[in-house]
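Single-structure report; data block below.
The values are calculated or read from the model by the stated rules, or taken from the named source; none is laboratory data. From a predicted model like this one, the values you see are computed outputs, not experimental measurements. A quick note on method: Cβ atoms are made from the backbone with ideal geometry, for glycine too, and the neighbour counts reach across all protein chains shown.
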Amino acid sequence: MLDTLGQYETEIWQAIGETFVMVGVSILAAVLIGLPVGTLLFLCRKGNMLENRFLFSTFNLLVNTIRSFPFLLLVVFLIPFTRFIIGTAIGTIAATVPLSIIAIAHYARLVEQSLLDVPKGVIEAAISMGASVKEVIFKFVYVEARSGLVLGLTTSIISFISYSTIMGVVGGGGIGDFAIRYGYQQFKTELMIYVIIIMVILVQIIQFIGTNLSRIIDKR
Amino acid sequence: MLKLDRVSKSFSTFQAVKSVSLTINQGEIHGIIGASGAGKSTLLRLMNLLEVPDEGEVEINGQQLTSMNSKKLRQVRKSLGMIFQHFNLVANKTVYDNVVIPLELANYPRAERRSRVMECLQFVGLDSLMDKYPAQLSGGQKQRVAIARALANKPQVLLCDEPTSALDPSTTADILTVLENINKSLGVTIVIVSHEMEVIRSICNRVTVMADGEIYDTVKCKPTGILNKENSPKYFVEQLTKDVEIDHA
Ligand SMILES: Nc1ncnc2c1ncn2[C@@H]1O[C@H](COP(=O)(O)OP(=O)(O)O)[C@@H](O)[C@H]1O
Ligand SMILES: [Mg+2]
């Protein structure tokens, strides 16, 4: 087994690198855009600070639609959009576009749910102190919801890794694609097993870090 | 100094407050009492526009809250403290960090924040617990933190919604003593909502009785003083067996 591995060392490292790029960009998109979108969903919901039926329904529908697409179809469906943004729909960088879109929708929903768990009374106290919407979010809501936000991101990252494994269809590469091309199509089962082991270890590590971090920062 | 003029508030079709007018005078401890669901909390929350009235006006020191833009309203809220039955502290912040929040919101000079927080914590007798989190405190201690937080910006008025209803009798007496102190030594006007007659009678100078969203009557009264309730097991047993043949089961 180690022989076969040695033989494919460069390819494996390259595949791992591609996976890191795809998942890394997804995480960035989730935090930079998914977090604000989830917060907006929370704020616009009925009875909340910026109650707005139109905005809420629009974003709610958008998030639901993206999340209900079978991911493979979403990738294909987004090809024209990806080409428009990146210039090509093929390759690792192009693959980050559909991944980021699903990442945003995925994390936004988890963010919304975490924020809804913050006790209404805390928000009321904040408003009674004269806090603005921005201050309520940053000084109260995010502080109270932080362990949920971390756990949600952990779950999301693990999903992103899973989504990234099918990006071979648009030449995105990554270890999922490596396992299929070399392990499955060239009948080198041990390579496939090796990749699965890498993935299992990776997911364990991420879950371990996420669970512990969320516990450490939870003082409730 | 605080005036409600024919304020009404409905939740969908239910009218919780029906055209109520009420004036709170500078320096008084004003009680609001009534049965559950009478509209006491809603009336209190109308005073800082936590509930926006459907009709009527809210005025503080001659400024009309109901016609203010949101920025001005936030400014006014900083001079109105509020405490709640369930304390509503930020559980992920320490005692110190909870009390410093209103100072941050008010852009209080950075260098003076610490001493102001300590001053407020000393006032409620909690300066030694500044690094604890709310989950590590008793109910009475949590309410003291909430009081310190409400005092940080030197409010003119302190609005209290059932501040002792989650506390045992002896802790209730402690908290009432703190509130009375705030009124006497800091000159803060206090509005206190409670369904407990004893709480209201002990410290209020004037009491509004509410029923079905309306004011039934407002009466002047002489505070009876805070009875220092005992908390010892011996006291509980005495109370339980008073007037009864002693029978230790
Ligand atoms: N946000 C709300 N939505 C719907 N109904 C409410 C809301 N707040 C209060 N109510 C109703 O208004 C009435 C008065 O409530 P409240 O002011 O809390 O009474 P009290 O504090 O005297 O017990 C109650 O019947 C309550 O169910
Ligand atoms: Mg109430």
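Filtered by the rule that a residue be over 11 Å from B:Val157 (Cα atoms) and within 13 Å of ligand 2 (Cβ to nearest atom), region B:185-198 gives B:Val193, B:Ser194, B:His195, B:Glu196. Can you name every residue in region A:4-23 that is farther than 14 Å from A:Gly176 by Cβ and exposed (fewer than 15 other Cβ atoms within 10 Å of the Cβ)? Those that are farther than 14 Å from A:Gly176 by Cβ and exposed (fewer than 15 other Cβ atoms within 10 Å of the Cβ): A:Thr4, A:Leu5, A:Gly6, A:Gln7, A:Glu9, A:Thr10, A:Trp13. Quick check, is A:Leu153 crowded, with 22+ Cβ neighbours inside 10 Å, modelled with pLDDT of 95 or more and away from chain B (no Cβ under 14 Å)? Yes: the conditions hold for A:Leu153.
Scanning region B:134-166 for residues that are among the β-branched types (Val, Ile, Thr) and within 12 Å of another protein chain (Cβ to nearest Cβ) turns up B:Val145, B:Val157. Screening B:Ser36 with (1) within 16 Å of ligand 1 (Cβ to nearest atom); (2) hydroxyl-bearing (Ser, Thr, Tyr); (3) surrounded by 18 or more Cβ atoms within 10 Å (Cβ to Cβ) gives one miss only, at (3). Selection of first residues in region B:43-56 that are within 10 Å of another protein chain (Cβ to nearest Cβ) and of second residues that are within 14 Å of ligand 2 (Cβ to nearest atom) and part of a loop (DSSP other than H, G, I, E, B), restricted to Cβ pairs under 8 Å at least 6 apart or on distinct chains, gives the following pairs, ordered by first then second residue: B:Arg45/B:Glu51.
Yes/no per residue for (1) at pLDDT 95 or above; (2) within 16 Å of ligand 1 (Cβ to nearest atom); (3) crowded, with 19+ Cβ neighbours inside 10 Å; (4) over 15 Å from the mean Cα position of the chain (by Cα):
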residue: B:Phe87; (1), (2), (3), (4): yes, no, yes, no
residue: B:Asn98; (1), (2), (3), (4): yes, no, yes, yes
residue: B:Ala106; (1), (2), (3), (4): yes, no, no, yes
residue: B:Ala111; (1), (2), (3), (4): yes, no, no, yes
residue: B:Leu129; (1), (2), (3), (4): yes, no, no, yes
residue: B:Arg144; (1), (2), (3), (4): yes, no, yes, no
residue: B:Leu151; (1), (2), (3), (4): yes, no, yes, no
residue: B:Asp161; (1), (2), (3), (4): yes, yes, yes, no
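Which ones in region B:188-210 are within 16 Å of ligand 1 (Cβ to nearest atom) and part of a loop (DSSP other than H, G, I, E, B)? Of everything in region B:188-210, those that are within 16 Å of ligand 1 (Cβ to nearest atom) and part of a loop (DSSP other than H, G, I, E, B) turn out to be B:His195, B:Glu196.
Tell me, which residue of region B:131-140 that is of a type outside the set (Asp, Glu) and within 19 Å of B:Pro102 (Cα to Cα) is surrounded by the most Cβ atoms within 10 Å (Cβ to Cβ)? Ranking the candidates gives B:Pro134 first. The set of residues from region A:142-177 being among the hydrophobic types (A, V, I, L, M, F, W, C) and touching a Ser or Thr at 6+ places or on another chain (Cβ under 6 Å) comprises A:Ala145, A:Leu149, A:Val150, A:Leu151, A:Phe160, A:Ile175.
Among the candidates B:Lys184, B:Lys229, the residue that is basic (Lys, Arg) and without any contact (Cβ under 8 Å) to a residue 60 or more places away in the chain is uniquely B:Lys184. The residue list B:Thr23, B:Thr13, B:Thr94 contains one member that is within 15 Å of ligand 1 (Cβ to nearest atom) and among the hydroxyl-bearing types (Ser, Thr, Tyr), which is B:Thr13. Annotation note: of B:Gly225, B:Gly213, the sole residue that is within 16 Å of ligand 1 (Cβ to nearest atom) and either at positive phi or loosely packed, with under 13 Cβ neighbours inside 10 Å (or both) is B:Gly213. B:Val52: within 27 Å of B:Pro134 (Cβ to Cβ) and more than 16 Å from ligand 2 (Cβ to nearest atom), yes or no? Against the criterion (within 27 Å of B:Pro134 (Cβ to Cβ) and more than 16 Å from ligand 2 (Cβ to nearest atom)), B:Val52 does not qualify. A count restricted to region B:74-131 and to residues that are in contact (Cβ under 8 Å) with a residue 40 or more places away in the chain, touching a helix residue (DSSP H, G or I) at 6+ places or on another chain (Cβ under 6 Å), more than 10 Å from every other protein chain (Cβ to nearest Cβ) and not in a helix (DSSP H, G or I) stands at 1. When B:Gln63 is tested against (1) crowded, with 19+ Cβ neighbours inside 10 Å; (2) more than 16 Å from ligand 1 (Cβ to nearest atom), exactly one condition is not met: (1). Within region B:66-73, can one find any residue that is within 16 Å of ligand 1 (Cβ to nearest atom) and assigned to a helix (DSSP H, G or I)? No, because not a single residue in region B:66-73 is within 16 Å of ligand 1 (Cβ to nearest atom) and assigned to a helix (DSSP H, G or I). Scanning region B:57-73 for residues that are within 14 Å of chain A (Cβ to nearest Cβ) and charged (D, E, K, R) yields B:Lys71, B:Lys72.
Of the helices (runs of 4 or more DSSP H) lying entirely inside region A:31-102, the ones with 1 or more residues being in contact with a Leu (Cβ under 8 Å, 6 or more places away or on another chain) are found at A:35-44, A:53-68.
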